[in-house]
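Down below is the structure, laid out as structure tokens.
The values are calculated or read from the model by the stated rules, or taken from the named source; none is laboratory data. As the structure is a prediction and not an experimental result, all values here were calculated from the model. Here the Cβ positions follow ideal geometry from the backbone for every residue, glycine too, while neighbour counts run over all protein chains shown. Accessible surface is based on the protein model in full, side chains and every heavy atom, while ligands, DNA and RNA are left aside. Shrake-Rupley method; radii C 1.70, N 1.55, O 1.52, S 1.80 Å.
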Amino acid sequence: MASDSSTGWPFWAATGDDRIGEALRLAGLRPGERFVDLGCGDGRVLLRAAEDFGAEVHGFELDPGLAAIARDVLAAAGIDGTVVEDDFEAVPIEADVVFAFLSPATLQRLRPRLEALPPHARIVTTGYPVPGWLPNNLGDRTYLYRLPPDEQPVDRNQRGWVSFGALVSVTPAAPALVAVKVQTDGGPLTVSVSGAGLDGWLTTRTGADEAAPGEPVVVDLRFEPAREGTEASGTLEVDSAGKFRLFAVADAGDPGIFGLSESGCDLVADAMARGRLAPVLNEARRRTSSG
Ligand SMILES: C[S@@+](CC[C@H](N)C(=O)[O-])C[C@H]1O[C@@H](n2cnc3c(N)ncnc32)[C@H](O)[C@@H]1O
């Protein structure tokens, strides 16, 4: 798991205007409330929270360039908020409303600290839900949680990966993120990646360094930008959960992750070996869109 220590995992992407408005409305943000954006990027969410909802705004951002932009954005609008250039995992979180557009593994790592917020606090995420929590309200890829959070039921007797394997289609020329879930016998969690083509293309991050037996842990899969048509296959392996077979392609169609059974993995491996992956990917997309 390598990530550049000067920038946040997995990479910067901005929440769109409509989604910001929806998230802040879902959270029921009120004037004077303390609003914290964990990983505030260029400050656009802080700006809306202050200007449209009258909140007291605070952002944390690891990337120095983005933190400077966010500060300038607030100053230019005459907003008296703060933007701290720091790792939010290393600072106390004090908030009435926490906003986060972060990866599944990062959200899972934040869970204990979010649970420790006062009972009136709300957490609103965009892009990805908090793994293991059931949202109290939903928008378009926007998730609201009240404390204490409702937890998703878990079968702690289950072991292994969410499926036998997966086919992942990523947009070429842009970084991409998907996530998978694993349940182990417990203990330290390390993911080994094998597969020559995945080396340098794929980086992983787990939602916990250590897990209890049967506790679901998400694993972020981050793909670097790649030339259209790039294909690779390999495995992810975690002790006591076995191997997860992974097939990845950079393709201009809709990005997605498609879970595979053992025979599905064999079919995809065969199609890849014969240079015939496109029809298999199209079929996976068709099945997903038709439910
Ligand atoms: C997907 S962007 C979201 C930006 C902004 N919140 C928005 O919604 O437009 C996530 C941001 O979190 C930052 N980030 C990730 N991990 C961080 C950490 N541990 N501490 C501080 N910032 C972090 C990244 O640098 C990136 O700017």
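I'm a student and want to see the number: the projected area of the Cα convex hull of the stretch 85-140, averaged over all directions, in nm². Averaged projected hull area, Cα only: 4.2 nm². Take the Cβ atoms of Glu51 and Thr235, set R0 to 51 Å, and the FRET efficiency comes out at 0.55.
A Cβ-based charge dipole, computed about the Cα centre of the chain with Lys and Arg at +1 and Asp and Glu at -1, lands at about 840 debye.
Distance between the 7 Å Cα→Cβ label points at Ala76 and Asp17: 1.5 nm. Rank Val219, Val193, Val91 by mean-square fluctuation in a GNM of the chain with C-alpha springs under 10 angstrom and give only the top-ranked residue. Maximum fluctuation in the GNM of the chain, among the listed residues, is at Val91. Dipole of the chain computed with +1 at Lys/Arg Cβ and -1 at Asp/Glu Cβ about the Cα centre; of Gly187, Ser263, Pro149, farthest Cα towards the positive end is Ser263. Expressed as a whole percent, the proportion of Cα-Cα pairs in the stretch 17-151 lying more than 21 Å apart is 34%.
With protein chains left intact and a 1.4 Å probe, residues in the chain average 46 Å² of accessible area per residue.
Arg141 sits among other residues whose Cβ lies under 15 Å from its own Cβ, and their net charge, with Lys and Arg +1 and Asp and Glu -1, is -3. Spacing of the modelled spin labels on Ser194 and Glu224, each 7 Å from Cα toward Cβ, amounts to 2.2 nm. The GluC sites (Glu not before Pro) found in the stretch 153-243 that occupy coil by DSSP, while having at most 13 further C-beta atoms within 10 Å, are Glu228. Applying a DSSP loop filter and a limit of 16 other Cβ atoms within 10 Å to the GluC sites (Glu not before Pro) in the stretch 87-187 leaves Glu94. Binning at 5 angstrom from zero up to the longest distance, how are the C-alpha pair distances of the stretch 1-65 distributed in percent? Spelled out bin by bin, the stretch 1-65 gives 4, 18, 26, 22, 14, 9, 5, 2, 0 percent. Computed from backbone phi with θ = phi - 60° and the Karplus coefficients 6.51, -1.76 and 1.60, the 3J(HN,Hα) list for the stretch 184-191 is 10, 6, x, x, x, 10, 10, 9 Hz; x is used for glycine and proline. With viscosity 0.692 mPa s and temperature 37 °C, the Kirkwood radius over alpha carbon pairs of the chain converts through Stokes-Einstein to a diffusion coefficient of 163 µm²/s.
Largest to smallest in accessible area, the residues Thr230, Thr125 fall in the order Thr230, Thr125 (1.4 Å probe, all protein chains included). Working ranking of peptides 241-250, 71-80, 15-24, 257-266 by packing, defined as the average number of other Cβ atoms within 10 Å per residue, highest first, is 241-250, 15-24, 257-266, 71-80. Pair-distance distribution of the stretch 171-291: all C-alpha pairs, bin width 5 Å, starting at 0; shares per bin in whole percent are 2, 10, 20, 22, 21, 14, 8, 3, 0.
The portion of the accessible surface of the stretch 160-289 made up by carbon and sulfur, rounded to a whole percent, is 49 (1.4 Å probe; DNA, RNA and ligands excluded).
For the stretch 120-186, the list of trypsin sites (Lys or Arg not before Pro) that fall in a loop by DSSP and count at most 13 other C-beta atoms within 10 angstrom reads Arg156.
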